[in-house]
1. Please list, in chain and number order, the residues 5+ apart from Trp184 or on another chain whose amide H is under 5 Å from its amide H, with Hs placed from the backbone.
2. For the range 26-169, just the Cα set please: Rg and Dmax, both in angstrom.
3. Could you please rank Val86, Val57, placing first whichever residue has the fewest other Cβ atoms within 10 Å of its Cβ?
4. Residue by residue through the range 93-103, what is 3J(HN,Hα) from phi via Karplus (6.51 cos²θ - 1.76 cosθ + 1.60, θ = phi - 60°)? Round to whole Hz and write x for glycine and proline.
5. By average Cβ neighbour count within 10 Å, what is the ranking of 176-185, 29-38 from highest down?
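Where a number appears in this text, it was derived from the coordinates with a stated rule and is not lab data. This one's a predicted model, so the numbers in the text were calculated from it and none came from an experiment. Here the Cβ is made from the backbone with ideal geometry for all residues, glycine too, and neighbour counts use every protein chain on show.
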Amino acid sequence: MPFPRPAARPWQGFGLSSADGPLLPLPLLRLAQQAHAAERAAAIAYRGHRCCFRGRVQRQQIHHIALEEWRHRAWLRRRLLPALGVAPRPLMEAAYLLLGMAIALTCLLIGPFWATYFAGRLEHGNGAEYDRLAAGLLAHPQLARRFHQPLRHMARVERRHERSFFGLLRHHPLLPPAAGLFGWPRRRWAIDTLAPPSAAVGGQAFPQWGLLPVSAYLQRR
Ligand SMILES: [Fe+2]
Ligand SMILES: [Fe+2]
């Protein structure tokens, strides 16, 4: 289905116009457009990712995540973007489409561990971006009333995706060096999953919300 033509001035025509420009900063509008493009890239990338696994449970889990990405994209296209007065950007859409296809192919080459690792790391950023969008809308009460809660919900769904991927990796011997190299995971849920909050590893409690020390993985396995 062709996308509606973008407005010449994206903020016009949806109750957001002002003489001086958009009521929302342009970076936020771009972020919403980027999220729309990235959701499809993720859903396509997960097709390749799913094929890395032989197990039915893992494949279904990734398939379910991909379906949620399609749902996010549909919601952004039907609800949020029109309300912000912007349309998907064709060039950005094309670039992300290619990116999604490239990642899907790469997944087949790099295998299940690295495909899942980078998927989890990307999902971590997705949750933060929806939170940023939700926070940005607070400056506009009318939009905040309609979209703040749904965006926060989407951020939570992205974090659930992140946890799912972490769950697939948590006992893999490559996770400690990967976490040391690329800095994910670093969320509290990862710490809680590995040890109760009061637990001490090597005589020292896990730092909450800090980067999970590589030694933590090594000692808990
Ligand atoms: Fe999503
Ligand atoms: Fe996601």
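1. Result for Trp184 returns nothing.
2. When restricted to the Cα atoms of the range 26-169, Rg and Dmax are 15.3, 48 Å.
3. So the residues, fewest neighbours to most, are Val57, Val86.
4. Once θ is set to phi - 60°, the couplings for the range 93-103 become 4, 5, 4, 6, 4, 4, 4, x, 5, 5, 5 Hz.
5. Descending mean neighbour count gives 29-38, 176-185.
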